[in-house]
Every structure is written in C-alpha cells, then in structure tokens.
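> So that we are looking at the same thing, I have put the structure below in structure tokens.
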Amino acid sequence: MKILVAVKRVVDYNVKVRPNSDSSDVELANVKMSVNPFCEIAVEEAVRLKEKGIATEIIAVTIGTVQSQEQLRTCLALGADRAILVETDIPVEPLAVAKCLKAVYEEEQPDIVLMGKQAIDGDNNQTGQMLASMLGCAQGTFASEVSVEEGSIAVTREIDGGLQTLSLKLPAVITTDLRLNEPRYASLPNIMKAKQKPLATRSAEELGVDVSPRTQLLGVELPAQRQAGIKVNDVAQLVDKLKNEAKVIS
Amino acid sequence: MSILVIAEHNNQQLNPATLSALAAAVELGGDIDLMVAGSGCQAAIDQASQIACITKVIAADHSACEHFLAENIAPLIADNASGYTHILAAATTTAKNIMPRVAALLDVQAISDISAVISENTFKRPIYAGNLIATVQSNDAVKVITVRATAFDAVEATGGSATVETLESVNDMGISSFASEQLAESDRPELTAASIVVSGGRGMASGDNFDLLYRIADKLGAAVGASRAAVDAEFVPNDMQVGQTGKIVAPDLYIAVGISGAIQHLAGMKESKVIVAINKDEEAPIFSIADYGLVADLFTALPELESKL
Ligand SMILES: Cc1cc2nc3c(=O)[nH]c(=O)nc-3n(C[C@H](O)[C@H](O)[C@H](O)COP(=O)(O)OP(=O)(O)OC[C@H]3O[C@@H](n4cnc5c(N)ncnc54)[C@H](O)[C@@H]3O)c2cc1C
Ligand SMILES: Cc1cc2nc3c(=O)[nH]c(=O)nc-3n(C[C@H](O)[C@H](O)[C@H](O)COP(=O)(O)OP(=O)(O)OC[C@H]3O[C@@H](n4cnc5c(N)ncnc54)[C@H](O)[C@@H]3O)c2cc1C
C-alpha cells in the first residue's frame, strides 16, 4: 500500500509572529521555520503503518518555495522513502494546494493520503477536505485513531461533541488531529541517510495546475491586546471582586 | 445578494452557533435562506422556520444526511447553491468538515473562521492561533465562509414564520459510513454556549481532581473546559479542550486553573469578558492576560472558593 503525505513548511509554533513594517503581511524574515506539527503527526502515522507492514512506500510532498526542501528532508529522515517538491514562488491557497496534490495523486496513485488537519499559520483547515472532494473520495478529518482494513479504513474523529468513528472506502484522505500519535525525533544516522533519498522537483505549470490566488490579503494587524489586571491577595478578595467589581457572579 | 446558511443541529435542536452564523449573514445584507439537512429532523426544521431573519427554510430530511457525512452533504449543498452569492455556516467541526468540500465542488477558495464582516467580499479572520488578524478579500463569485460564532451576537430564534421548501433527492455516495460515536453527556451547559467556564490544566494533576472544578462549576452554573495538556494526559475527554485546535469560547467569566497560558490555549479563550487565573507560579504567562490573578496552590484555593460561593 502506497501512502502520500502532504506536509507544509510553516513558522515554528514557538515563534511569536508580528506584522511586517507596513502591516501588509506577516514578518517572515529570519524566523525559524518547521514542519507544521499536524503534518509531522501525518508522517509519523505513515511510518507506523509501514512498520506494521501495511504501507510499502511513503512519499512526502509539499507545495512551496525551494526552501521547503528542508522540511522534505526532515520527513525523509523521519521515514518517508522519497519526496516531491512542487515548486512555486507565490503563496498558494488551500484550493491551489489541493489541485497540485490531486495532480500528484493521479501520477502516484496512492491508497491513502495523510495530511494535517490544519496548518498553524493560515489555520484554514481546508486542504484535505478539498482534495477529497476533487478526488471524489472519502475523507476522515481530525483523526485521533486510524485502523486500516481490507479495502477500507476505520477513522475515529475528534468532533465537538466527542468522538465519531467512520468507515471509509479506499482510497481516502485522512487529516490528523493532535492525539493521533506522538511523532518521533529523527536520529542522526537517519538524518544522514535522508540526504541520499530521492527528492524530485516539479512545478505547478508542469502539472497543469492554475495556482493563481482567489483571495487577496489586504493586511494583518495585532488583535486588541488585553491588559494584565490585578493580583488579588486571597480567595475572599477574588470572590468580592467578581461579585462587586466585575459583577459576573451573584 | 442572496445568502444560504447551513444549519448545524442534532436533528432535534438547532445549535445556537447557527444563530451567530445568521448574524454574520444579516451583516452582509440580502435575502437569507437556511438549509436544514438531516434525518428525522422535523423538529429542527420547525425551529428553523421560526427564525425571524430568514426568508425560506430548505429542508432535506433523508437517511443519506444522517450523521452529516461530508461526502453526502457537500454535493447536496453544492447542487443547490445556484443563485446564492454567499454560503455560510458556523465554524463547528461539522461545518469545518463539510464546507471546504463544498468550496472545492464550486471551485472557489473558502474563507475559514471569519471574526468580522467588512464588506460583501472582505472579512477579518484570525491566523497564527489568533496572534494576528488578517483582512482577506475574496475575488470568487461565490463566497463559502465559516463563521467564528463567538464573534457575532446570535439573532433572535423566534418571531418568524419562514416557508419550508423540501428537497427530495439526496444521494448516498456510498463511500463512507457511520460506525459509532462516543458523545460526552453532561448536565452542565455546553462549553461554547456557557456564560461561565471553569477550565483546568496540567496543574490539576489527575482526572479525579477535576471534581474540584465540577463542584465549583455546579455552584456557578458553569461549563468545564481543559487545556490540551490535561486532555493529552487523559484527565478529561477531547471535547473539553479549549484552544487553537479545540473549542473557541468567549464567556462572561473564564476561570483558568493550573493552566500556564500557552498561546495555543489563549487562542481559544482570550476574548472572554473577564478572565481569572489561579496558578502557583507567579510568572505564569496566563497572568499577563488575566483581569484577576490569584497566586496560590489550587488544591487549597479551589475548596476555599467553593465554600465562599
Ligand atoms: C499571513 C499570511 C499571508 C498570506 N498571504 C497570501 C497572499 O498574499 N496571497 C495568497 O494567495 N495566499 C496567501 N496566504 C495563504 C497561505 O500562503 C497559505 O497557503 C494558506 O494559508 C494555506 O492554508 P493552510 O496552510 O492554513 O491550509 P490548511 O487547509 O490548514 O492545511 C491543512 C493541511 O494541508 C496540507 N498543506 C497545506 N499547504 C500545503 C502545502 N503548501 N504543501 C503541501 N501540503 C500542504 C498540509 O498537510 C496541512 O497540514 C497567506 C497566508 C497567511 C497566513
Ligand atoms: C499545534 C499545537 C496546537 C495546540 N493546541 C492547543 C489547544 O487547542 N489548547 C491548549 O490548551 N493547548 C494547545 N497546545 C498546547 C500548548 O502549547 C500547551 O502545551 C498547553 O496549553 C499546556 O497546558 P497547561 O497550561 O495545562 O500545562 P502547563 O503548561 O504544563 O502548565 C501547567 C500550569 O499549572 C500550574 N500548576 C501546577 N501545579 C499547580 C498547583 N498545585 N496549583 C496551582 N497551579 C499549579 C503550573 O504553574 C503551570 O503554570 C497546542 C500545541 C501545539 C504545538
């Protein structure tokens, strides 16, 4: 069974992001970039499926600038067998990413596409659903447990009310939630080995995909900042403040 | 302009988040229709028809809509989308699952989780866990949008009498099926709708200790939430997680107990009106956004708080 894993290069989750000098975009100069945490979980799940003898090949794919090769190498070090960079210089939206992934899917014919449920920069939570829609296949979003069966896959999903388990026909697109697994760290020998693994570069034009944006970012701003309030001395003062100052309890 | 809002419901009752999505639709202006797709959902259809701001309810009561499978519902929405300039739903896990699939069928870029309407094609939405707010303009003919419910005040649930149009043909795509679910049952208010939320973090140290919070919650009529660390440690189930990847809440009062205040947690609660933090570490980042901070051991502070309420 072949697994395609889509990964995104994003600002590391520990970085405190700011608007750039003219507030037209996020300041991305000299900030640490990483694999989107949800995508790391997707890679880990693919590697576990390979370790269980269910998956035979793992292909990591990203759509982005040439710098995204760095994140693909990370995926190779974590256990992907080969990688594909679909190179573009413009920031691509989920719709365009899904179209590129569809083109790669058609060439590779994987049984499962694993991806993150959301990228922690755009927080869109769209790409997997869009890809499944374009492929006309089933989707298992926000997965906290997956188990592959003959021709189908059972996916437990984290939903607002609790957990829901679906049975999906293969091929299917699975998007990962945080509790699906805990990703491993790449070992030094594996990081060295990853340098030798194949990494192909394609372009959106070559794949016949129109990636021109449908939306325009007009600006970014900081949200209204909350001021720190006061420290109360004890529980009695806290209750008094909540009753008589904030008037939120009676 | 003509707007289609997709109702969220459990076949019996509309989810109040839908009333907030309708509020965003009212800000956009124009005629508003509300689609209720479900199975055995007459009660939800009846409720929907009483909402004053809508023109028409579009009802699909069909077994293929049971459990709201995206594979079946998305084509139903897309097939009935013609004539609408905007398709909206509250940003619940159900809509997050379905709406991008609708957008792809219509070949448009969806706009997720809007927190403000600037004009018919321009919206504000939080990015980077709410650390920044982006203003985005859509150039697509149809705007497919999910709405952050806490950012819009609910419209009136009654006072209207909309006509109901019934859709007969719903396809079961046959590629996905429901197997089982484990839904949280609680007598306490729903987290996203409660006016008071009491949340516990890793500092609670065990699931049993959450009883300290439940007792306070019951005195206040509050819902109980948790940080990711508390959910990961299996103190409490996932549906209680507040944050970037959990629920977004904005109650009148949010009490964070044994929670450090990581940005991913703040993303889910920093729009609360009044924030209280109880933490034994006076340097904990949660204090920088708390209106009232109490530096104390929660195991002494919580029983005392309970007794004083
Ligand atoms: C500050 C900011 C400014 C932006 N400016 C512009 C702009 O000016 N013009 C414009 O057109 N767009 C712009 N964008 C869009 C941006 O470049 C992202 O492409 C968009 O946010 C993608 O959504 P997402 O990653 O949140 O998708 P999600 O749907 O949240 O991603 C879910 C999953 O999809 C997969 N995925 C997503 N992207 C990729 C990828 N590139 N390669 C492989 N897999 C992927 C991953 O598995 C990921 O976990 C901007 C975004 C931000 C945050
Ligand atoms: C991609 C991504 C998404 C995430 N999404 C979310 C999310 O949606 N929601 C979320 O919450 N987190 C999320 N996180 C995790 C987040 O970064 C933090 O790890 C998490 O919020 C920490 O939880 P905590 O505050 O309970 O634990 P900790 O950070 O460990 O804090 C525990 C606090 O309890 C205090 N404490 C301990 N004992 C006591 C005591 N006896 N009395 C009083 N105080 C005590 C300590 O001083 C400390 O401040 C996400 C992380 C990533 C990478």
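> What's the number of the condition A:Gln216 fails, among (1) within 30 Å of B:Ser186 (Cβ to Cβ); (2) of a type outside the set (Ser, Thr, Tyr); (3) facing another protein chain (nearest Cβ under 8 Å)?
Checking A:Gln216 against (1) within 30 Å of B:Ser186 (Cβ to Cβ); (2) of a type outside the set (Ser, Thr, Tyr); (3) facing another protein chain (nearest Cβ under 8 Å), the one that fails is (1).
> Another question, then. Give region B:152-186 a look and list any residue that's over 26 Å from B:Ile73 (Cα atoms), open to solvent by less than 80 Å² (accessible area, probe 1.4 Å) and assigned by TED's automatic domain parsing to the domain that holds B:Asn72, or say none.
Matches in region B:152-186: B:Thr158, B:Gly159, B:Gly160.
> Here is a follow-up. Report yes if B:Arg215 is open to solvent by 40 Å² or more (accessible area, probe 1.4 Å), within 9 Å of ligand 2 (Cβ to nearest atom) and modelled with pLDDT of 95 or more, otherwise no.
It is false that B:Arg215 is open to solvent by 40 Å² or more (accessible area, probe 1.4 Å), within 9 Å of ligand 2 (Cβ to nearest atom) and modelled with pLDDT of 95 or more.
> For region B:150-172, state whether one or more residues are in a loop (DSSP other than H, G, I, E, B) and within 14 Å of chain A (Cβ to nearest Cβ).
Yes, region B:150-172 has at least one match.
> Considering only region A:45-98, how many residues are in contact with a helix residue (DSSP H, G or I) (Cβ under 7 Å, 6 or more places away or on another chain), within 28 Å of B:Asn139 (Cα to Cα) and part of a helix (DSSP H, G or I)?
4
> Do we find that A:Leu166 is open to solvent by less than 60 Å² (accessible area, probe 1.4 Å), facing chain B (nearest Cβ under 7 Å) and either away from ligand 2 (no atom under 16 Å from the Cβ) or closer than 30 Å to A:Thr74 by Cβ (or both) in this structure?
Considered against the rule, which asks whether it is open to solvent by less than 60 Å² (accessible area, probe 1.4 Å), facing chain B (nearest Cβ under 7 Å) and either away from ligand 2 (no atom under 16 Å from the Cβ) or closer than 30 Å to A:Thr74 by Cβ (or both), A:Leu166 comes out as yes.
> Check every one of the strands (runs of 3 or more DSSP E) wholly within region A:191-250 and list those with 2 or more residues that are under 30 Å from A:Ser24 (Cβ atoms).
A:199-203, A:215-221
> State which residue pairs qualify: first residue touching a residue at least 60 places away in the same chain (Cβ under 8 Å) and more than 10 Å from A:Ala200 (Cβ to Cβ) and inside region A:74-86, second residue assigned to a loop (DSSP other than H, G, I, E, B) and within 16 Å of ligand 2 (Cβ to nearest atom) in any location, beta carbons under 6 Å apart, and separation of 6 or more residues or different chains.
A:Cys75/A:Val7
> What tally of residues in region A:214-242 results from selecting those that are more than 21 Å from B:Met269 (Cα to Cα), of a type in the set (D, E, K, R) and away from ligand 2 (no atom under 16 Å from the Cβ)?
2
> While we're on this one: Identify all residues within region B:58-98 that are of a type in the set (Ser, Thr, Tyr), more than 9 Å from every other protein chain (Cβ to nearest Cβ) and outside any helix (DSSP H, G or I); write none if there are none.
The answer is B:Ser82, B:Tyr84, B:Thr85.
> Taking A:Ser24 as the residue in question, decide whether it is within 10 Å of ligand 1 (Cβ to nearest atom) and part of a loop (DSSP other than H, G, I, E, B).
yes
> I'd like the residue in region B:17-55 that is under 16 Å from B:Ile3 (Cα atoms) and among the charged types (D, E, K, R) and, out of all such residues, is surrounded by the fewest Cβ atoms within 10 Å (Cβ to Cβ).
Out of the qualifying residues, it is B:Glu27.
> Restricting attention to region B:243-253, does a residue exist that is more than 16 Å from the chain's Cα centre (by Cα) and open to solvent by less than 20 Å² (accessible area, probe 1.4 Å)?
Yes, there is a match, as at least one residue in region B:243-253 is more than 16 Å from the chain's Cα centre (by Cα) and open to solvent by less than 20 Å² (accessible area, probe 1.4 Å).
> Determine if region A:136-151 includes at least one residue that is hydroxyl-bearing (Ser, Thr, Tyr) and without any contact (Cβ under 8 Å) to a residue 24 or more places away in the chain.
Yes, that holds for at least one residue.
> Here's another thing I want to ask about it. Only helices (runs of 4 or more DSSP H) wholly contained in region B:195-280 count here; list those with 3 or more residues that are touching a residue at least 12 places away in the same chain (Cβ under 8 Å), more than 9 Å from every other protein chain (Cβ to nearest Cβ) and more than 16 Å from ligand 1 (Cβ to nearest atom).
Qualifying helices (runs of 4 or more DSSP H): B:210-220.
> As an exercise: evaluate A:Lys195 against (1) closer than 30 Å to B:Ala184 by Cβ; (2) modelled with pLDDT of 95 or more and give the number of the one condition it does not meet.
Going through (1) closer than 30 Å to B:Ala184 by Cβ; (2) modelled with pLDDT of 95 or more one by one, A:Lys195 breaks only (1).
> Sticking with this one: A:Leu101 - would you say it is under 22 Å from A:Leu170 (Cα atoms), more than 14 Å from chain B (Cβ to nearest Cβ) and in contact (Cβ under 8 Å) with a residue 12 or more places away in the chain?
Against the criterion (under 22 Å from A:Leu170 (Cα atoms), more than 14 Å from chain B (Cβ to nearest Cβ) and in contact (Cβ under 8 Å) with a residue 12 or more places away in the chain), A:Leu101 does not qualify.
> Determine if region B:127-142 includes at least one residue that is surrounded by fewer than 24 Cβ atoms within 10 Å (Cβ to Cβ), more than 15 Å from B:Leu28 (Cα to Cα), within 16 Å of ligand 1 (Cβ to nearest atom) and among the charged types (D, E, K, R).
So far as region B:127-142 goes, yes, one or more of its residues are surrounded by fewer than 24 Cβ atoms within 10 Å (Cβ to Cβ), more than 15 Å from B:Leu28 (Cα to Cα), within 16 Å of ligand 1 (Cβ to nearest atom) and among the charged types (D, E, K, R).
> So, one more: Any residue that is within 15 Å of ligand 2 (Cβ to nearest atom), away from chain B (no Cβ under 14 Å), out of contact with any strand residue (DSSP E or B) (no Cβ under 6 Å at 6 or more places or on another chain) and within 30 Å of A:Gln216 (Cβ to Cβ) - is there at least one of those in region A:35-54?
yes
> Is region A:177-190 home to any residue that is in contact with a helix residue (DSSP H, G or I) (Cβ under 8 Å, 6 or more places away or on another chain), of a type outside the set (Asp, Glu) and within 11 Å of chain B (Cβ to nearest Cβ)?
yes
> Same structure, new question: Taking region A:186-239, which residues are of a type in the set (S, T, N, Q), loosely packed, with under 15 Cβ neighbours inside 10 Å and touching a strand residue (DSSP E or B) at 6+ places or on another chain (Cβ under 7 Å)?
Those that are of a type in the set (S, T, N, Q), loosely packed, with under 15 Cβ neighbours inside 10 Å and touching a strand residue (DSSP E or B) at 6+ places or on another chain (Cβ under 7 Å): A:Thr201, A:Ser203, A:Gln216.
> Looking at (1) in a helix (DSSP H, G or I); (2) surrounded by 24 or more Cβ atoms within 10 Å (Cβ to Cβ); (3) facing another protein chain (nearest Cβ under 9 Å), which is the only condition B:Ser112 fails?
Condition (1) is where B:Ser112 drops out.
> Take region A:3-24 and flag every residue that is within 14 Å of chain B (Cβ to nearest Cβ), open to solvent by 50 Å² or more (accessible area, probe 1.4 Å) and within 21 Å of B:Gln264 (Cα to Cα).
Passing the criteria: A:Lys8, A:Tyr13, A:Asn14, A:Lys16, A:Arg18.
The values are calculated or read from the model by the stated rules, or taken from the named source; none is laboratory data. Model, not experiment: these values are computed from the prediction. FYI the Cβ positions are ideal-geometry reconstructions off the backbone, even for glycines, and counts take in every protein chain you see. The accessibility values were calculated without ligands, DNA or RNA, using every heavy atom of the protein model including side chains. Shrake-Rupley method; radii C 1.70, N 1.55, O 1.52, S 1.80 Å.
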